[in-house]
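What follows draws every value from the coordinates through simple rules; no lab data is involved. Just so we're clear, the structure is a prediction, and the values are computed from it rather than from any experiment. Glycine also receives a Cβ, built like all others from the backbone with ideal geometry; neighbour counts cover every protein chain displayed.
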Amino acid sequence: MKSTYNLPQLIDNVARLSPDREAFRYLEESISYGELFEKSNQLAFHLVSIGIKKGDRIGVFMNRCLETCIAVYGILKSGAAYVPLDTSAPVVKTISIIKDCEITCLITTTTKRRKVNQLLKEQSSLNIIIGDTIKSTIPSVSWNDIFSTRVGDFVPPPILEQDLAFILYTSGSTGKPKGIMHTHYSALSLSKIASSTYDFNSDDVFGNPAPLHFDPSTFGYFVAPLIGATTVIIPDAHLKMPASLSALIAKEKITVWYSVPLMLIQLLNSGTLGKNDFSSLRWVLFAGEVFITKHLRALMKQWPHARFSNLYGPAELILCTYYHVPEPPINDKPIPIGNVWNNTEYKILDDHNNDVLPGETGQLAIRSATMMQGYWNNKALTEQSFHRVTVADGYDHVYYKTGDLTQLNCNGDLLFLGRNDRQIKLRGYRVELDEIELTLLKYADVEEVAVLVLGKDEETQQLAAVIKPGKDASIILTHLMEFCKVQLPYYAIPKTIEVMADLPRTSSGKISRKELGKLLEEHHL
């Protein structure tokens with residue numbers, strides 16, 4: 001394969017060698033690498049012709065569809081950076097991102113016309129809409145018009161690996177959303193390292209259930225094209241119905257699946273796995289949150305032919321560690337996050353940014369080729385998040401401080417012990433909220449749990465736990481409380497435990513503790 005120095009070359013290289021090879025598939029439609037090369041060129045040509053310059057930020061506002069991959073590569077070929085916008089987010093949040101990133105051009109589809117009109121009414125900075133024709137004073141152009149444009153031998157502007165490629169905004173669950181800047185180099189590094197770590201090949205079929213604004217989407221959009229594989233974009237509707245998703249994975253003969261653990265747990269509990277043939281599945285990758293060991297064990301027994309791997313990495317690093325689970329775990333101890341992969345190194349730091357001794361707990365700091373460039377429009381936060389080690393006068397090694405507590409075990413594997421900001425002081429005792437959650441998850445009938453602190457002052461603060469029971473399970477709270485008394489010190493036992501059929505979630509599928517906290521406070525649980 002020809003050397004690649006920017007992301008568009010991923011599809012261009014495959015298009016030259018195998019133009020008919022299938023690149024992306026969505027429902028009954030598909031697009032070949034040759035078609036993706038041509039259509040992304042047409043979009044890039046149009047963007048350049050209307051004045052888009054290198055480094056400009058372009059919003060992508062659409063649900064999963066084939067136009068998404070065209071938008072991504074068309075934007076990148078124009079020299080601009082794409083900013084994926086969550087179509088399910090409140091309009092006010094989307095507007096704030098558009099203003100923060102100074103987005104003037106939005107790429108969308110007709111299905112989002114109503115929300116686009118709402119964005120325009122809020123007097124945002126948008127002045128160009130692509131992918132839809134709308135009744136407005138600002139210019140707009142349809143996809144049909146884009147694809148009917150003759151571009152000839154379009155030559156994209158020079159794009160270097162250090163150039164900005166995309167900006168991912170955090171969910172904002174703990175405060176104001178932050179724009180995480182990734183370059184062509186960081187995304188290409190992810191593609192190359194992941195491909196070699198898992199021995200991906202051109203015959204693989206990647207299942208991509210992640211929305212574009214969620215960093216796991218980079219697997220399907222960049223890792224698969226590196227080796228000329230096919231990516232199946234999973235429709236939104238299938239993600240809401242585990243049985244339908246299960247059938248789709250089997251029908252599409254997906255070989256590489258990558259998602260948050262919740263999606264796999266839902267497949268295990270309600271996906272009627274025994275009715276489908278998953279013999280094509282060879283890698284099951286999961287990241288984003290802790291995969292509860294008892295559920296992982298059950299799923300590994302359902303899919304004994306597949307290999308399972310635990311990936312770790314905040315969006316600032318995309319991914320940076322991995323752990324191949326060798327066999328179904330025999331106990332309920334948390335699965336390690338393993339060790340860093342190639343072109344990556346780490347430190348475990350104490351509260352004063354000094355290295356901890358082997359076996360001690362500290363904050364994980366990562367130096368990696370996949371590391372972000374920094375936070376958009378926030379130099380102070382960028383510097384605060386980096387740990388610099390002076391190697392020589394004027395030369396530093398720069399590490400990203402993850403905010404995650406880790407420990408190196410006797411086997412040389414990193415253990416994830418929770419968030420640094422989830423460690424609190426309560427009645428003078430140091431309490432680990434994540435540790436309480438892991439303890440409650442050991443209870444047989446508990447599927448998910450969230451532990452929060454209610455109350456704003458020290459005198460009234462108390463621990464509250466909200467649990468989601470397993471399928472067809474009936475939890476007797478008095479029995480669960482007795483379990484807590486045996487497993488936890490008295491100061492770490494939740495004062496109240498509530499049961500919910502489901503927990504509020506962010507658009508990426510994680511538990512929204514911010515929303516859950518509001519619900520608990522409002523109802524005085």
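In this structure, the pairs whose alpha-carbon distance is over 28 Å, taken from 178/333; 251/301; 192/468; 54/379; 301/518, are 178/333; 192/468; 301/518. For residue 77, the aspartates and glutamates whose Cα falls under 19 Å of its own Cα, not counting residues fewer than eight places away in the same chain, are 12, 35, 38, 56, 67, 145, 153, 161, 163. Taken as Cα centroids, segment 1-62 and segment 203-227 sit 14 Å apart, rounded to the nearest whole angstrom. Going by Cα centres, segment 318-369 and segment 463-525 are how many Å apart? Computed from Cα coordinates, the inter-centre distance equals 28 Å. Highest average first, the peptides 222-234, 387-399, 316-328 ordered by how many other beta carbon atoms sit within 10 Å of their residues are 222-234, 316-328, 387-399. When only Cα pairs below 8 angstrom with a gap of at least 6 residues are kept, segment 341-418 shows a relative contact order of 30 percent. Positive-end ranking of 317, 405, 184 along the dipole of the chain, with charges on Cβ about the Cα centre, is headed by 184.
A Cα-only calculation for the chain places Rg and Dmax at 23.5, 73 Å. For residue 93, go through the aspartates and glutamates and keep the ones whose alpha-carbon is under 17 Å away, minus same-chain ones fewer than eight residues off. In chain and number order, the partners are 102, 122, 515.
Near residue 473, once Lys and Arg are set to +1 and Asp and Glu to -1 for all other residues with Cβ below 12 Å from its Cβ, the sum equals -2. Working from Cα pairs under 8 Å separated by at least six residues, relative contact order for segment 214-359 is 17 percent. Each Cα pair under 8 Å and six or more residues apart adds its separation to the average, and for the chain the resulting relative contact order is 10 percent.
What does the net charge come to around residue 80 if you take all other residues with beta carbon closer than 14 Å to its beta carbon, with K and R at +1 and D and E at -1?
On the way: positive: 53, 54, 57, 77; negative: 56, 102, 163.
With Lys, Arg at +1 and Asp, Glu at -1, the net is +1.
In terms of packing, defined here as the mean over residues of other Cβ atoms within 10 angstrom, the peptides 30-39, 504-513 line up highest first as 30-39, 504-513. With R₀ set to 25 Å, the beta-carbon distance separating residue 305 from residue 20 gives a calculated FRET efficiency near 0.25. For the chain, a simple Cβ point-charge model (Lys and Arg +1, Asp and Glu -1, everything else neutral) yields a dipole of about 800 debye relative to the Cα centre. Basic side chains Lys and Arg get +1 at the Cβ, acidic Asp and Glu get -1 at the Cβ, and with that the dipole of segment 37-78 about its Cα centre reaches some 140 debye. Listed by chain and number, the aspartates and glutamates placed with their C-alpha closer than 19 angstrom to that of residue 275 are 252; residues fewer than eight positions away on the same chain are left out.
When both bridge partners sit in the chain, DSSP labels roughly 60% of those beta bridges antiparallel. Computed over the alpha carbons of segment 427-523, Rg followed by Dmax gives 13.2, 40 Å.
Please give the charge dipole size of segment 341-418, origin at the Cα centre, charges +1 on K and R Cβ atoms and -1 on D and E Cβ atoms. Round to the nearest 20 debye. Spell out each step's value before the answer.
On the way: 5 positive and 10 negative charges, 54 e Å.
Using only the charged Cβ atoms, the result is roughly 260 debye.
Each label point was placed 7 Å from the Cα along the Cα-to-Cβ direction; for residue 486 and residue 247 their separation is 4.3 nm.
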